[in-house]
1. Using DSSP to define loop residues, name the trypsin sites (Lys or Arg not before Pro) in the stretch A:25-74 whose beta-carbon has at most 15 other beta-carbon atoms within 10 Å.
2. Under 5 Å between amide hydrogens, which residues at least 5 positions from A:Gly56 or on another chain qualify, with H placed 1.01 Å from N in the peptide plane?
3. For chain A, what is the convex hull (Cα atoms) projected area averaged across all directions, in square nanometres?
4. Among A:Gly3, A:Tyr35, A:Gly56, which residue has its Cα furthest toward the positive end of the charge dipole of the stretch A:2-64, with +1 on Lys/Arg Cβ and -1 on Asp/Glu Cβ?
5. Going 7 Å from the Cα of B:Leu7 toward and past its Cβ, which residues in the stretch B:58-89 have a backbone nitrogen under 18 Å from where you end up?
6. Quick check: Cα centre of the stretch B:39-53 to Cα centre of the stretch A:47-114, how many Å?
7. Assigning unit charges at the beta carbon (Lys, Arg +1; Asp, Glu -1) and nothing else, what dipole magnitude in debye, to the nearest 20, does chain A show about its Cα centre?
8. Quick check on chain B: take the gyration tensor over C-alpha atoms, sort the square-rooted eigenvalues as a ≥ b ≥ c, and tell me if it's rounded (a/c under 1.5), prolate or oblate.
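The numbers here are math on the coordinates, done by the rules we state, and not lab data. Keep in mind that this is a model prediction, so the values were computed, not measured. Methodologically, a virtual Cβ is constructed for each residue, glycine included, from the backbone with ideal geometry; neighbour enumeration extends over all protein chains shown.
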Amino acid sequence: ETGVTQSPTHLIKTRGQQVTLRCSSQSGHNTVSWYQQALGQGPQFIFQYYREEENGRGNFPPRFSGLQFPNYSSELNVNALELDDSALYLCASSLLGTPGGEQYFGPGTRLTVT
Amino acid sequence: AQSVTQLGSHVSVSEGALVLLRCNYSSSVPPYLFWYVQYPNQGLQLLLKYTSAATLVKGINGFEAEFKKSETSFHLTKPSAHMSDAAEYFCAVSASNTGNQFYFGTGTSLTVIP
């Protein structure tokens, strides 16, 4: 069984640029959720994708967008990067419809915006 | 709406002592509750979860938690701390009627003193 993988591991961008982060979900899972974890904070829910459609969104502006592909992998795109976007971005996969189903997290992508 | 409050951002215990990490939740519907652990520069690993079955939940690495509806609490305990328990611990809640969207607390950093 393959776990959740994310790429790249680290990324440095300049304010105003755009970034794409990638996530491969765990085998058998159909849902991907993205979280932002600022330094010293808990993960904050960005959005969730199920069957290639957004299935819930947290309090993040529209410049945060995503995609889910037929193989359930996913991308997180952030446009017009701001300094406050510097954080660890975590991807989690799960099986929607499983009562109390846990989310399985990847190792994260560390984004630094300068 | 769901939310989690973790009391105590930093907890220090001696090796072999009891570990108690506090979590209180707020949920308008019966909640699902989770404890995750995060080691430095890694993603989140599930310790245990409560899904409305037994109120005392046993997890990995000797951890357990008790769901107390009257106190809206889900505190994490371990009878005897080990050096390898030093990490960041996060409590999370999801709602039974909104799929798998998780809401995390701000975390508790556990230090184990030899």
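1. Taking the stretch A:25-74 and a limit of 15 other Cβ atoms within 10 Å, the loop trypsin sites (Lys or Arg not before Pro) found are A:Arg51, A:Arg63.
2. Hits under the 5 Å cutoff: A:Gln48.
3. Approximately 6.8 nm², given one-decimal rounding.
4. Of the options given, the answer is A:Tyr35.
5. B:65-78, B:89
6. That distance is 18 Å.
7. Around 240 debye, computed over chain A.
8. Prolate shape, in that a/c is at least 1.5 and a/b is the bigger ratio.
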